[in-house]
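Structure first, commentary second.
The values are calculated or read from the model by the stated rules, or taken from the named source; none is laboratory data. Every value quoted in this text rests on a predicted model; they were computed, and no experiment measured them. Here the Cβ positions follow ideal geometry from the backbone for every residue, glycine too, while neighbour counts run over all protein chains shown.
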Amino acid sequence: MPRIINCHVHTFTADHLPVDYLPFRLTRLLRNPIVRGAAERVLRLAGALLETEVLTRAGRFVRQAGQASQKLAFDRLILHYPPETVFVVLPMDFEYCGMQPPPVSVERQLAELAGLVVEYPGRILPFVPIHPERPDLLAFVRRWVEERGFRGLKLYPPLGADPRDSALHSVFAYAEERGLPVISHCAGVAVRSRRLSHGQALQLTAPLRCLEVLREFPRLKFCLAHYGGTTEWDKCLQLGLGAVADRQHSWVDDISKLLRDGGNQLYVDVSYTMWTAPSRYSYLKVLLEDPAIRPRVLFGSDYYMVDLERRSEKQVSVELRARLGEELWERISYTNSIEFLGAYGPPK
């Protein structure tokens with residue numbers, strides 16, 4: 001049985017989030033285990049009493065983000081997978097989003113992650129978070145790639161990182177030259193720069209926003225994470241949208257067209273999107289029957305964000321595997337990932 005490569009997970013903690021990321025200064029308080037436990041119980045109870053999943057999910061977020069270290073977060077993650085599974089870990093750069101700086105800098109976050117690479121040999125493939133406002137961004141990227149062995153780049157447009165920003169040009173050129181893969185958030189806006197409205201953040205995130213990048217760097221391995229996200233998949237499946245004639249245009253359509261057009265190294269991952277509604281598994285299987293799409297889809301979970309849902313990481317990955325069948329599962333969880341990661345992935 002081939003190894004599994006999970007191409008989209010997170011291990012950041014409350015110390016890596018802006019102090020004002022959560023209201024009422026909860027972000028800072030999460031570091032206190034007593035406060036964290038109390039906050040989780042209150043939010044969970046309030047969610048049950050008010051019959052709202054928002055507060056229940058917030059309680060689970062409190063539990064997860066309150067982990068004392070990335071190591072503890074990773075130790076929880078690996079319990080859900082076979083021991084040979086490899087994980088692409090995606091840090092986040094919150095230092096240029098108009099919020100108060102995180103207690104722990106991105107540099108320290110990445111250094112801790114580099115230590116885990118040594119502690120768990122062959123299990124962690126860390127990416128470098130990129131933001132166009134970071135001074136000397138190319139030098140920053142080169143240092144973590146060439147000196148510390150990081151395996152790719154992570155872009156999060158809602159934080160104000162426009163893929164078309166000229167400050168990213170040299171970084172994308174470097175990545176294309178070296179075969180370094182890039183993963184860019186492409187779903188709804190869970191968190192955004194305080195300088196952007198929700199609509200502005202969505203505009204930066206829309207899949208067609210990357211067209212200029214794909215045209216200018218046709219050999220750049222570029223992944224649109226989440227394949228458009230849950231809301232866009234629901235549009236595509238007409239969930240709650242009435243008659244077929246009233247169906248709204250979705251990002252899933254745009255992304256699928258980009259994949260079918262070919263002529264680039266575009267990929268997608270299905271992280272989080274497959275976790276909230278089993279009804280999406282069947283449509284993914286239909287999409288994978290398309291020979292232009294099948295080689296470009298990657299398995300990812302978006303841990304620990306998926307742990308905010310009622311269904312566990314292990315449960316969903318097993319269900320998805322059973323629904324797709326072994327051939328398609330191997331394709332998205334290993335074969336495609338090896339091609340996407342190239343020289344920066346695990347040995348074939």
Checklist outcome for this item: Considering residues that are among the basic types (Lys, Arg), more than 21 Å from Lys235 (Cα to Cα) and either in contact with a Gly (Cβ under 8 Å, 6 or more places away or on another chain) or modelled with pLDDT of 85 or more (or both), the number found within segment 279-316 is 3
Item to check | Single match in Ser166, Ser193 (criterion: surrounded by 15 or more Cβ atoms within 10 Å (Cβ to Cβ) and either over 29 Å from Leu113 (Cβ atoms) or of a type in the set (S, T, N, Q) (or both)) | outcome: Ser193
Next on the checklist: Condition first: touching a residue at least 60 places away in the same chain (Cβ under 8 Å), outside any loop (DSSP other than H, G, I, E, B) and surrounded by 14 or more Cβ atoms within 10 Å (Cβ to Cβ). Can you find one or more residues in segment 280-292 that meet it?
Outcome noted: no
Item to check | Output for segment 68-92, where each listed residue is part of a loop (DSSP other than H, G, I, E, B) and either of a type in the set (S, T, N, Q) or under 27 Å from Val141 (Cα atoms) (or both) | outcome: Ala68, Ser69, Thr85, Leu90, Pro91, Met92
Item to check | Whichever residue in segment 249-278 is of a type in the set (Gly, Ala, Ser) and not in a helix (DSSP H, G or I) and, among such residues, is nearest to Lys235 (Cα to Cα) | outcome: Ser250
Checklist entry - In the set Arg219, Arg215, which member is part of a helix (DSSP H, G or I) and basic (Lys, Arg)? => result Arg215
Checklist outcome for this item: For segment 156-194, the count of residues that are at pLDDT 95 or above and assigned to a loop (DSSP other than H, G, I, E, B) equals 11
Checklist outcome for this item: Being crowded, with 17+ Cβ neighbours inside 10 Å, out of contact with any strand residue (DSSP E or B) (no Cβ under 9 Å at 6 or more places or on another chain), touching a residue at least 24 places away in the same chain (Cβ under 8 Å) and among the charged types (D, E, K, R) narrows Arg151, Arg134 down to just Arg134
